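Remarks on the structure that follows.
Just so it is clear, none of the values below were taken in a lab; they were calculated from the coordinates. The shown structure was predicted, so the numbers you read here are calculated from the model rather than taken from an experiment. Glycine also receives a Cβ, built like all others from the backbone with ideal geometry; neighbour counts cover every protein chain displayed.
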Amino acid sequence: MALSIKEMRNKLDNDEIKSENLFEESVKKANYYQKEYNSFVTIVSDYKDYGQRETLLSGIPYALKDNISTKGILTTASSNILKNYVPVYDATIYKKLKESGAILVGKTVLDELAMGGTGTTGHTGIVRNPWNKERLIGGSSAGSAAAVALGIVPFAIGSDTGDSIRKPAAYGGVVGFKPTYGRISRYGLFAFASSLDHLGVFTRNVYDCAMVMNIIKGHDDNDMTSLPDDGKDYIASLERSVKGKKLFYIKEALDNSNKDLELGKILNNFEKVKEKCKKLGIEVFEESIDKDLLLALYPTYMSISCAEATSNDANLTGIHFGVRGEGNTPEEIIKDARTKGFSELIKRRFVLGSYILQKENQEKLFLNACRIRRIIVDKINKLFEKYDGIIMPAAAGIAPKFGESSDKLSDKYLILDNHLVIGNFGGYPSITIPSGFIDEMPVGVNITGRICEDDVVLNIAYQVEKSMEYANQVALGDDKNV
Amino acid sequence: MSKDILKMLANKMMFTMNEDEYDTLLEEFNIILKQMDLIGNIPNIEKIEPMTFPFPLENVSFREDCVVDELGVDDILLNSEDNLYNQVRLPKVVE
Amino acid sequence: MYKTVIGLEVHCELKSNSKNFSSAKNSYSTIPNSNVSVVDLGYPGILPVINKEAVKNSIKMALAMNCDIPDYLTFERKNYFYPDLPKGYQITQFKNPIGTNGYVMINVGGKEKKILIHDTHLEEDTASLDHYNTYSLIDYNRCGVPLLETVTEPCINSADEAVAFLEGLRSIFLYCDTSYARSDRGQIRCDVNVSLMKEEDTELGTKVEMKNINSFSSVKEAIICEVKRQTEILNSGGKVLQETRRFDESKGITYSMRSKEDAIDYKYFTDPNLPPIKLDKKWISELKESIPKLHNERFRTYTKDYSINEKDAYTIVRDKKISDYYEECIKLKGDPILVSNWLTGSVIGYLNKMSLTIEQIKLTPQMLVELINLISSGKISSKQGKTVLERTLETGKSPLIIVDELGISQIDNEEEIRKIVLEVISENESLVIDYKNGKRVFDYFIGQIMKKTKGRVNPSLASKILKEELEK
């Protein structure tokens, strides 16, 4: 039995269960599934009683992605160079959750330094998809997605720079939400690409997502890019009528002139979602966006994210934190630490990012990418004058098998597998919710809205979710061994 | 693009890779640079202001000049593997 | 002969309570790692938040250097690996400095010259490294301290001009109260670019950069020594290499650090954590108002309007506090030249002897003016004035009170003086005959009068009356 946050809240409030029992149950499940699925870098073993708090999250167990700073608790970003790093300060999101009385169960595995979308590059091994062990769950918030899909915790915090919450949510059959840029403070989130980095949340239903968001959102003086408080109650907004809302999908992204079998199934699933929308009174339109622009999404993302990452991760030298390298000069010890501390994939991205930022290439490779970013965002903002949001399949297929998808940049790629990055380019609130199954694997649909309209996106997602039957699903729901 | 340039780039990023890794990287570079060319295809791109922030942030304010957060020496040195006299030690820096 | 062309890059730490991007204390400390925050250490996940005071001080400096101020405050990252840079990048201003296109006037050998400022930009200082035999230790206290880098155009043509500019710049910092600017604490440091060209050349010669020179005297030596080296190279038909050299103060030579080929590509790009902040025009004009009259302007006033000699004027303007004190005296209607004489002479002498600052002494501008007025009105002699000054400095009592207490006010009552004169004459009748015979005994009489009155008699009156009586 995997309870939702709302269910746990009711039981706690009615004294049917104690927070301590919920925590023990979570830890037990975490340990039970750890060997097979590898969701966690660290499982917290001792229960910390924060006392009864008057918040909806008080006593609720949860997990944090291991790139979020937790004072006194190992935080590795799933990288060898940080395998011994114990932060001396708390991320704002962790502080808020602690203050709300939520109980941390563990720190989840990610793709090393949050770079990568497979969940296979963490220093403690690969994360497996709870719906099928032969498949990956996607990343980089792989462990958080898996922990929620497995029912270990009712919610987990992730980070999303390209699609790192919303893609694994789709592959794992759970809800994944990244709010407006600046809605949640980034203070304490290990930076990957600061201008694209967002914190967000995994849950098994949209209501739970709103419950968590109400606690973790808000302005933070430690983050100059954080937004002023919006003063909204996201839970209250869920029940509003969505009649008359207008959404669009991008025609070019759904092109299947090659008659790809799997894509066909995805499109079929999307048709069903569109019908549900229609029944709710949501109008869904087709819009066209220049294909060259859509093809540029991925290179633009690679350029900006790799460039920023080379700088953000330049603090990883092993000198005053992290694993110290060997050598006779400072340069030698830094080189040794970084050579041993980073995997091949990370090094490749750093070399790329460094090349892009070089004086002679910066104009063509970096600044042009930043220009494309603006063209795309301007285009979407223009469309948002007419529409309340975008609705699209979250991915071009089901979770790939290990080895099928690789983090080596592939020459051929699909627009449909990269459109979620639009949400990072423009900082839009963006949510993936489960929309059914294809070949016994979950798939999801994504809704992305205007900046600062987090409540609208949650509202639409909640109503669409209600019209389908995929809320609260748990992979291995019948596993009686736990 | 050549393997030597890649080696130089890696060296500037303060790490080394092994030979087959450079081969993979070279292959990858050729793909990514081809993809990057797509960016150049967009007409009149040079006239556009490069974007750093997802949207304009209004009313960003300064920090008032107050001393708030300081760490004790124990915390400063907690994650350093080589310390002496309350300081992080490293092989002599020759300027 | 070659023309020397020098450009300077001056780094100066700004005054503030907290650091540029963190809330750790900005303070010079000899205890390592005592003023450090997680932000300064560049731990994963930290974010910078810009300090209003640092921005304020940098705008004040930019205005004082006659620079243009941008509409928005923006920052870039300068990326490089070095053990004193924990984040692996320095936050600085590359595209849009806080001040551009300014100038500072200098005065060398009585000639004024305009030194053009390319830009001045706000950035953060690095950690400091303490070097030992086989290892170095890192002290993170300095890390993140607000730093203002001022870059001149290559328009300086001698070591003396360079030093005059540096002293002028330091003076602006001190007058604007934006920095302590102490070389001995490394709070002001300088990179020097030197090249040589023939008078008739239109293009600059190859420049050599010398980094991190701490004292102004070393800047002078380094320039002289580098000019000599480059001259020798050019004279022997060689070519100067573009490179970075280090000046060894103890040996008085420069040696190569790295060549142009090894120049670091800093890969500047906009810091995505620091969104642009619109600079309020009203605030900027308020800051402009708050800038006091600077040393140059005061120097001109003192020498031109008050006719004070350049040496004394320079002594006064060198320290803003002393200059403010001086101006306070002028406001109280003190005679500009007399105040200058007393201030640069006895008062500054006292400050030096006691190692005090002008703010620490008990003599107020009011008292100094009172003292000078007592002397000019003949109430006391200037010799007595010195005694009164000493007592005032010691006790803080006003000169009038001191004069009263000592009973040294001058005798300027003619009758009283005549009585004394007659007394002295009657005691020395033989000398009266000598006087009449043309012998030089007048001063002897004066001496006797002074002795009798313990020097309190008004000397000019005394000699007038003595003359009258002797010639009767």
So what does the Cα-only Debye profile of the range C:18-176 read at q = 0.11, 0.12, 0.19 Å⁻¹, as log10 I(q)/I(0), no solvent term?
-0.52, -0.61, -1.16
Greater than 23 Å apart at Cα, pairs in A:11/A:243; B:12/C:260; A:65/A:95; A:65/A:133; B:7/B:34:
A:11/A:243
What is the distance, in nm, between label points placed 7 Å from the Cα along the Cα-to-Cβ direction at residue A:229 and at residue C:467?
9.0 nm
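Which of the residue pairs A:364/C:239; A:96/C:288; B:47/C:15; A:291/A:386; C:114/C:321; C:19/C:278 have a Cα-Cα distance greater than 32 Å in the structure shown?
A:364/C:239; A:96/C:288; B:47/C:15
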Tell me which GluC sites (Glu not before Pro) from the range A:53-157 have a DSSP coil assignment and no more than 14 other beta carbons within 10 Å of their own.
A:54
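Per DSSP H run of at least 4 residues, take -39500 (n - 2.57); add these up for chain C, divide by its residues and hand me the 222 nm value, nearest 500 deg cm²/dmol.
-12000 deg cm²/dmol
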Pairs over 24 Å Cα to Cα, from A:246/A:276; C:95/C:281; A:246/A:272; C:56/C:207, come to C:56/C:207
Restricting the range C:205-277 to trypsin sites (Lys or Arg not before Pro) in coil, as DSSP defines it, with at most 10 other Cβ within 10 Å
C:239, C:251
Label points 7 Å out from Cα along the Cβ direction at residue C:382 and residue C:253: separation in nm?
5.4 nm
Apply the membrane-span-like helix rule to chain A: whole DSSP H runs, Cα extent along the own long axis of at least 18 Å, mean Kyte-Doolittle hydropathy at least 0.0. List the helices found.
A:297-312, A:344-357
Just to be sure I follow: if Rg is taken over the C-alpha atoms of the range A:118-168 and Rh is the Kirkwood radius over the same atoms, what is Rg/Rh?
0.93
Compute the distribution of all C-alpha to C-alpha distances in the range B:30-75, in bins of 10 Å from 0, and list the percent of pairs in each, rounded to whole numbers.
16, 21, 21, 17, 20, 5
Find the Rg to Rh ratio for the protein assembly as shown, where Rh is the Kirkwood radius over alpha-carbon pairs and Rg uses the same atoms.
1.14
Cα-Cα separations in chain B greater than 22 Å, expressed as whole percent:
69 percent
Limiting things to C-alpha atoms, what are the Rg and the maximum Cα-Cα separation (Dmax) for the range C:292-406, in angstroms?
13.7, 42
Extended-chain gain in nm, criterion 0.36 nm per residue less alpha-carbon gap, residue C:111 and residue C:261
50.0 nm
Straight-line reach from residue C:472: which lysines have a Cα under 27 Å away, not including same-chain ones fewer than 8 places off?
C:419, C:436, C:439, C:451, C:452, C:454, C:464
Report the gain in length on full extension from residue C:239 to residue C:280: 0.36 nm times residue separation, minus Cα-Cα distance, nm rounded to one decimal.
9.8 nm
Taking only the alpha-carbon atoms of the range C:168-315, the convex hull volume per residue, in cubic angstrom, is 233 Å³
Across all Cα atoms of the range A:84-174, Rg and the largest Cα-Cα distance (Dmax), in Å, are 13.1, 39
Could you compute the FRET efficiency for residue A:133 and residue C:158, with r as their C-beta to C-beta distance and R0 at 60 Å, rounded to 0.05?
0.15
Averaged over B:24-32, number of beta-carbon atoms from partner chains that fall within 10 Å
5
Per q in 0.13 Å⁻¹, report the Debye log10 I(q)/I(0) for the range C:414-471, using one uniform scatterer on each alpha carbon and no solvent.
-0.27
Here D for the range C:82-214, in µm²/s, from Stokes-Einstein with a Kirkwood Rh over Cα pairs at 20 °C and 1.002 mPa s, works out to 127 µm²/s
Would you mind computing, in nm to one decimal, how far apart the modelled labels at residue A:329 and residue A:287 are, each placed 7 Å from Cα along Cα→Cβ?
5.5 nm
Mean separation of Cα contacts under 8 Å, 6 or more apart, over the residue count of chain C: relative contact order %
14 percent
Where does the range A:18-115 land on the Kirkwood hydrodynamic radius, alpha-carbon pairs, in angstrom?
13.8 Å
In whole Å, largest first, what are the principal axis extents of the Cα atoms in chain A?
70, 60, 44
What translational diffusion coefficient, in µm²/s and rounded to a whole number, does the Stokes-Einstein relation yield for chain C at 37 °C and a viscosity of 0.692 mPa s, taking the hydrodynamic radius as the Kirkwood radius over Cα pairs?
123 µm²/s
Report relative contact order for the range C:2-283 in percent, whole number only (criteria: Cα-Cα under 8 Å, sequence separation at least 6).
24 percent
Based solely on its DSSP helices, what 222 nm [θ] is calculated for chain A when runs of n ≥ 4 H residues each add -39,500 (n - 2.57) and the sum is averaged over all residues, nearest 500 deg cm²/dmol?
-10500 deg cm²/dmol
When you have a sec, figure out the Kirkwood radius of the range B:1-48 from all distinct Cα pair distances and drop it here in Å to one decimal?
12.3 Å
Cut-off of 10 Å, at most 11 other beta carbons, DSSP loop: longest stretch of chain A lacking such trypsin sites (Lys or Arg not before Pro):
A:49-242
Sorted largest first, the C-alpha extents of the range C:2-283 along its principal axes in whole angstrom are 56, 53, 33
